[in-house]
Structures are given as structure tokens and as C-alpha cells.
Amino acid sequence: MAWRPETTARRTWRKTIDLIRHGSNELSADLQVLEDAEAIRNLKARYAALCDNQYDADGIASLFTEDAVWESPALGRFEGRKAIRSFFRGASSIFSFAIHYSLNGQIEVEGDIARARWYLFMPCTVAAGNKAVWRAGIDHETYARVDGTWMFRHKRSEPLMSVPFETGWAKTRFA
């Protein structure tokens, strides 16, 4: 039998099974962390789907706390749900098409606050000039549980590349 590194999820599930067999007050807390991480994955997926649906500004804004911050070096910094909604109302004039792939999420939950780091891969069309572009970055996010629901509190994008489809990223990572 080949050696396989044990994943964090596998260790958590193994621990949970042991707790079920032997009984423990820790079981509830362990299950809550797993449920919270899954809720955050679903929140991230809803965000991507709303962005890919012509940037549904009201839907996107509803995923953020009232005092949230959304920022990207290339696109700006927007503080508060109202400012975030206003930015996304015009996002289709920046990107006329986009597919947001959120990959390799690393989620850490601590009570009603959580943090995550995601890779973003985003093939898109820049509206100005109707140019196909490859974009990639790292999303650094903080979440808060508000009235039992996980919401974005701070979303910061760290760009890794933005290049024309035709030329790719081998020679220049930012065009």
C-alpha cells in the first residue's frame, strides 16, 4: 500500500469519528467548524456566480456586512455595502464577460470570525476594446457571522497577472 499524506480534513473526520465512538463535548465544536467552512465555501461560490451573472450589484452587496471593505489595486477600494453596490453597478462596463474560478481555499474559523486565502483565475473580456484577457490573483478575505449567516467583512485582491489572451503570460505578467 502506497503512503498518502493525511489531509487536515481527513484528520478532522477521523477525530470526529473517534469522538462519536467515545463521546465528547468537543464533538459539537468540531462539527461547527466543518459546517462553518462549508458555509464560507458556499458564500464564495455565490459571490462568483453573481459576478459571472453580469455583476448583480444588489446580490453581491447583500453578501457583505454593512461596514465591509472590497479592494483591488487595479479597480479601487470601496468601504461600506452602499459603496460596494455602487461599484458593482458599473462593473459590467469594465468586464463585459468573466468567469471567476476560486481555487485552493484555505479557511480558518475562529468563532464568529474567519479568514481565507483563495487563488483566483479569471478569463474575461475587458469591455474597452473588447479584449480577451487572462487574469489571476490571490483573494485575501475576512468573514463575520452576522445573525447566524456568514458574510464578507473584507475582501482584498492581490493581482498576479493580467495579460491579453493572444500573448499570454510567458513574456509579461501585466499588460
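Here, each number is a calculation from the coordinates, and none is a lab measurement. All of these numbers come straight from a predicted model, not from anything done at the bench. FYI the Cβ positions are ideal-geometry reconstructions off the backbone, even for glycines, and counts take in every protein chain you see.
The alpha carbon gyration tensor of the chain gives principal lengths a ≥ b ≥ c with a/c of 1.5 or higher and a/b no greater than b/c, which makes the shape oblate.
When +1 charges are put on Lys and Arg Cβ atoms and -1 charges on Asp and Glu Cβ atoms, the dipole computed for the range 131-175 relative to its Cα centre reaches about 120 debye. In terms of its alpha-carbon gyration tensor, the range 67-133 comes out oblate; a/c meets the 1.5 threshold, while b/c is at least as large as a/b.
Centre-to-centre, using Cα atoms only, the range 127-143 and the range 75-121 are separated by 10 Å. In order along the range 155-166, phi translates into HN-Hα couplings of 10, 10, 9, 10, x, 10, 6, 8, 9, x, 3, 5 Hz, rounded to whole numbers, per the Karplus curve 6.51 cos²θ - 1.76 cosθ + 1.60 with θ = phi - 60° and x for Gly and Pro. Think of the chain as having a plus end and a minus end, set by charges on the Cβ of Lys, Arg, Asp and Glu; of GLY137, GLY80, ILE107, GLY137 sits farthest toward the positive end of this dipole. Sorting the segments 50-61, 85-96 by their residues' average number of neighbouring beta-carbon atoms within 10 angstrom, most packed first, yields 50-61, 85-96. Helix-only arithmetic for the chain: the sum of -39500 (n - 2.57) across DSSP H runs with n ≥ 4, divided by the residue total, places the mean residue ellipticity at 222 nm at -10000 deg cm²/dmol.
Using 26 Å as the Cα-Cα cut-off, could you pick out the over-long pairs in LYS15/LYS155; LYS44/LYS171; LYS82/LYS155? Pairs exceeding the cut-off: LYS15/LYS155; LYS44/LYS171. Using C-alpha pairs below 8 Å separated by at least 6 residues, the relative contact order for the range 61-175 is 23 percent. Full extension of the chain segment joining LYS171 with ASN104 gains 21.5 nm, where the gain is 0.36 nm per residue of separation less the Cα-Cα distance. Shown here for the range 80-175: GluC sites (Glu not before Pro) in loop regions (DSSP other than H, G, I, E, B) with at most 16 other Cβ atoms within 10 Å, namely GLU166. Here's how it looks for LEU160: its modeled amide H is under 5 Å from those of ALA136, GLY137, ILE138, which are all 5 or more places away or on a different chain.
Charged side chains reduced to their Cβ positions (Lys and Arg at +1, Asp and Glu at -1) give the chain a dipole of some 560 debye around its Cα centre.
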